[in-house]
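Written below as structure tokens is the structure these notes are about.
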Amino acid sequence: MTKTALVTGAGSGIGRASALALAQAGYRVALVGRRMETLEETISLGNGGLEAFACDVTDAKAVEKLFSDVEQAFGRLDVVFNNAGTNVGAINFGDLTLDEWRGVIDVNLNGAFLVAHGAYNLMRRQSPQGGRIINNGSISAHAPRPGSAPYTTSKHAITGLTRSISLDGREFDIACGQIDIGNTASDMTKRMSGGVPQADGSIRTEPTMDVANVARTLVLMADMPPDANVQFVTVMATKMPFVGRG
């Protein structure tokens, strides 16, 4: 039986590469993002097995409809890559506004909760029961950059979400893992081309890696048999300043 997957943030970057890799690996893939045109661009780059669903992951009603539509279209759901995310530029904590804080937390944490919650309940009620939820954590789930309070906080919270879903999902054969990513060459890292703040107060450019490395890792996690789980994995540019950061 062909497995099905859902990828949020599938209109660009990590989400696009991961969705295409899952389709290449034989999955039917639901592409999720706010803009249908970028999802259709992703479809144009593949060789079938891709279907687009426009959805704002911060909208609870929209996410509820998303999972109803996915269940109707695919019948079941085996893998979810909870990838949609956003950020703001480096801002000292004292200068951070509530709107900036809420903007990041609403997508990175509340949106991730809504998607994971919808996936969990579909996986719990389908037959055969179970599935796999993979959360995008980031290496900021371990160590912050200067001026990154909302992003770092959201990613630390994702680690707690991953562990909680892993525990609660055991009786329903729902596995949950987390992929912590460092500096892929994407639209988000283009903003870092002039350098990013370091713990010593300097501004430096940092090495990046091809997004294909993330997609390959994601497929490895997705393809694990039901009795095995990659709980946490870090994939990062070899020479980026993570080990020793701060």
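The values are calculated or read from the model by the stated rules, or taken from the named source; none is laboratory data. If you're wondering where the values come from, they're calculated on a predicted model, not measured in any experiment. Because the Cβ atoms are built from the backbone with ideal geometry, glycine has one as well, and the counts that use them run over all protein chains shown.
When the residues of the range 65-110 are filtered to those that are small (Gly, Ala, Ser) and touching a strand residue (DSSP E or B) at 6+ places or on another chain (Cβ under 9 Å), which remaining residue is nearest to Ala19 (Cα to Cα)?
Per the criteria, the residue is Ala84.
Quick one: what pairs do we get from the range 39-64, first residue closer than 13 Å to Leu22 by Cβ, second aromatic (Phe, Trp, Tyr) and in a helix (DSSP H, G or I), C-beta under 9 Å, 6+ apart or different chains?
What qualifies is Glu51/Phe74.
Could you tell me whether Arg132 is among the charged types (D, E, K, R), touching a residue at least 40 places away in the same chain (Cβ under 8 Å) and crowded, with 21+ Cβ neighbours inside 10 Å?
yes
Those residues that are in contact with a Leu (Cβ under 8 Å, 6 or more places away or on another chain) and either at pLDDT below 95 or assigned to a loop (DSSP other than H, G, I, E, B) (or both), I need them from the range 171-222; list them, please.
Residues satisfying the conditions do not exist here.
On the basis of being under 19 Å from the mean Cα position of the chain (by Cα), over 17 Å from Met221 (Cα atoms), buried (at least 16 other Cβ atoms within 10 Å of the Cβ) and hydrophobic (A, V, I, L, M, F, W, C), does Ala116 make the cut?
Against the criterion (under 19 Å from the mean Cα position of the chain (by Cα), over 17 Å from Met221 (Cα atoms), buried (at least 16 other Cβ atoms within 10 Å of the Cβ) and hydrophobic (A, V, I, L, M, F, W, C)), Ala116 does not qualify.
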